[in-house]
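A short worksheet on the structure shown next.
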Amino acid sequence: MISPKIATSLNQQVQLEAESSQIYLAMASWAEVEGYNGIADFLFKHSDEERIHMLKLIKFINERGGHGIIPALPQPAQKYKGIRPLFEQVLNHEIHVSEEINKLVDICLKEKDYTTHNFLQWYVSEQIEEEALARRVIDKLKLIGDDKGGLYLFDRDIVTIEVSLKSEKGGRG
Ligand code: OFO
């Protein structure tokens with residue numbers, strides 16, 4: 001059984017994951033309309049992943065005797081200044097999410113809720129990956145600079161950035 005304090009904190013995280021999903025969905029839709037189909041697919045997929053992160057939390061709260069609350073969500077921005085500012089926003093958002101996960105972990109330790117603490121370790125690892133991925137994407141965009149041809153190839157190849165990051169991780173064991 002989770003305490004009301006833990007349930008409230010986990011529900012705040014439900015809201016943040018739902019907001020992440022909405023933000024990436026808005027980014028994906030903008031990218032698609034702007035003709036960046038590869039970037040749009042990448043962001044649509046990330047929006048789906050955030051929804052899964054949210055669902056995982058809701059299921060956990062309910063299984064532990066709490067009530068996963070479905071939040072109202074603010075409307076995300078509909079337009080972005082460009083691909084690089086968009087991914088800088090992704091990185092800043094993920095850094096914020098990581099900070100919130102760390103706060104949650106801290107609350108669990110203070111409350112001596114080791115079950116929830118254990119459950120949250122999955123999110124801790126996930127955040128390391130999400131931040132690394134956003135940084136990798138921004139590094140590529142810095143290399144490309146204002147080169148339109150480079151951006152065209154980046155849009156075509158963005159899917160491989162995630163695959164190469166995962167295989168490097170796998171390679172390190
Ligand atoms: Fe849920 O990992 Fe991003 O926000």
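Any idea which of (1) among the β-branched types (Val, Ile, Thr); (2) away from the ligand (no atom under 16 Å from the Cβ); (3) open to solvent by 70 Å² or more (accessible area, probe 1.4 Å) is the one residue 116 doesn't satisfy?
Going through the list (1) among the β-branched types (Val, Ile, Thr); (2) away from the ligand (no atom under 16 Å from the Cβ); (3) open to solvent by 70 Å² or more (accessible area, probe 1.4 Å), residue 116 breaks only (3).
Just need a number here: residues in the range 1-25 that are open to solvent by 10 Å² or more (accessible area, probe 1.4 Å) and part of a helix (DSSP H, G or I).
14
So is residue 47 surrounded by fewer than 21 Cβ atoms within 10 Å (Cβ to Cβ), under 16 Å from residue 133 (Cβ atoms) and either at pLDDT 95 or above or out of contact with any Asp or Glu (no Cβ under 8 Å at 6 or more places or on another chain) (or both) or not? Outline the logic, then answer.
Working: surrounded by fewer than 21 Cβ atoms within 10 Å (Cβ to Cβ): yes; under 16 Å from residue 133 (Cβ atoms): yes; either at pLDDT 95 or above or out of contact with any Asp or Glu (no Cβ under 8 Å at 6 or more places or on another chain) (or both): yes.
Against the criterion (surrounded by fewer than 21 Cβ atoms within 10 Å (Cβ to Cβ), under 16 Å from residue 133 (Cβ atoms) and either at pLDDT 95 or above or out of contact with any Asp or Glu (no Cβ under 8 Å at 6 or more places or on another chain) (or both)), residue 47 qualifies.
Among the listed residues 101, 107, 128, which satisfies the condition of being open to solvent by 40 Å² or more (accessible area, probe 1.4 Å), within 13 Å of the ligand (Cβ to nearest atom), of a type in the set (A, V, I, L, M) and in a helix (DSSP H, G or I)? I'd like the intermediate steps shown before the answer.
Details: 101 fails: open to solvent by 40 Å² or more (accessible area, probe 1.4 Å); 107 fails: within 13 Å of the ligand (Cβ to nearest atom).
The conditions single out 128.
Which of (1) open to solvent by less than 80 Å² (accessible area, probe 1.4 Å); (2) over 25 Å from residue 163 (Cα atoms); (3) within 12 Å of the ligand (Cβ to nearest atom) is the odd one out, the single condition residue 91 does not satisfy?
(2)
The values are calculated or read from the model by the stated rules, or taken from the named source; none is laboratory data. The structure presented is a predicted model; accordingly, all values stated were derived computationally and were not measured. Glycine gets a Cβ as well: all are built from the backbone with ideal geometry, and neighbour counts include every protein chain shown. Ligands, DNA and RNA are excluded from the accessible area calculation, which covers all protein heavy atoms including side chains. Shrake-Rupley method; radii C 1.70, N 1.55, O 1.52, S 1.80 Å.
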